[in-house]
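Colleague: Dumping the structure here so I can ask a few things about it.
The values are calculated or read from the model by the stated rules, or taken from the named source; none is laboratory data. Keep in mind that what you see is a predicted model, and the values were worked out from it rather than measured. Here the Cβ is made from the backbone with ideal geometry for all residues, glycine too, and neighbour counts use every protein chain on show. Note: accessible area is taken over every heavy atom of the protein model, side chains too, but ligands, DNA and RNA are not part of it. Shrake-Rupley method; radii C 1.70, N 1.55, O 1.52, S 1.80 Å.
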Amino acid sequence: DSDRAHLASVLREAANHRGAALVEILQNCPIFNDDAFIAENVDGTKQDAIIPLEHGKPVRFGADGSRGVFQAANGSESVGEVTAENESELYVHDSHGTDPTTAFALSRLSDAGVLRQTPIGIFRQVERATYDDQARDQLARAAAASPPDLQSLLDGKDPWTVG
């Protein structure tokens with residue numbers, strides 16, 4: 001049920017997002033890649049296999065939340081055991097950040113061989129003007145401007161006569 005609720009919330013956010021949205025769904029293929037995501041789907045290993053990303057919350061994972069993602073001053077991510085001494089240094093996920101670097105680094109954690117866990121959730125959700133909004137705005141500004149005089153358009157700024 002938590003998988004279904006998580007998928008529904010991600011799809012809802014994608015549908016409500018003004019602009020482009022990319023949703024990756026981990027789907028088993030029994031012919032070409034059977035049980036590729038078995039660790040992410042079995043209740044006994046699921047909590048150890050996924051890294052849930054929630055905006056505004058520290059990124060912790062593992063069945064007991066004993067592991068976490070830390071971000072160094074230079075922006076690089078590292079993964080380690082969470083202790084009482086370093087708990088305040090955990091990376092707090094900011095899906096609304098304008099710089100895509102951290103979201104990209106989080107998406108590459110498992111592909112880089114750093115982890116066997118898979119980050120899931122909303123990596124980046126940035127609000128910006130879309131192309132169609134900007135095009136409509138440009139048309140509205142053009143329509144609101146007073147049209148120039150036809151003769152001045154024909155004469156131009158530097159008229160000349162062909163002899």
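Colleague: For the ranges 130-138, 54-62, 8-16, 97-105, what's the packing order if you count other beta-carbon atoms within 10 Å of each residue, average per peptide, and put the highest first?
Modeller: Order by mean packing, descending: 54-62, 97-105, 8-16, 130-138.
Colleague: Take the Cβ-Cβ distance between LEU7 and ARG116 as r, set R0 to 25 Å, and report the resulting FRET efficiency rounded to the nearest 0.05.
Modeller: 0.70
Colleague: Another question, then. Over segment 58-163, average the accessible area per residue using a 1.4 Å probe and give it in Å², no decimals.
Modeller: Details: 7590 Å² over 106 residues.
Result: 72 Å² per residue.
Colleague: While we're here: Using a 1.4 Å probe on the protein chains only, how many percent of the accessible area of segment 122-163 belongs to carbon and sulfur?
Modeller: Carbon plus sulfur share of accessible area: 57 percent.
Colleague: Here's a follow-up. Relative to the longest principal Cα axis of the chain, at what angle does helix 131-144 sit, 0 to 90 degrees, rounded to 10?
Modeller: 20
Colleague: Of (1) 51, 21, 15; (2) 27, 18, 14; (3) 34, 14, 10, which is the value of semi-axes √(5λ) of the Cα gyration tensor in Å derived from the coordinates here?
Modeller: (1)
Colleague: For the Cα atoms of the chain, what angle does the longest principal axis make with the long axis of helix 2-16, in degrees from 0 to 90, nearest 10?
Modeller: Long axis of 2-16 versus the principal axis of the chain: about 10 degrees.
Colleague: Filter the GluC sites (Glu not before Pro) in segment 77-163 to those in DSSP coil with at most 16 other Cβ atoms within 10 Å of their Cβ, and list the result.
Modeller: Qualifying residues, ordered by number: GLU85, GLU127.
Colleague: Also: Label-point separation (nm) for ASP48 and ARG141, each offset 7 Å from Cα along Cα-to-Cβ?
Modeller: Using points 7 Å along Cα→Cβ, the separation is 5.8 nm.
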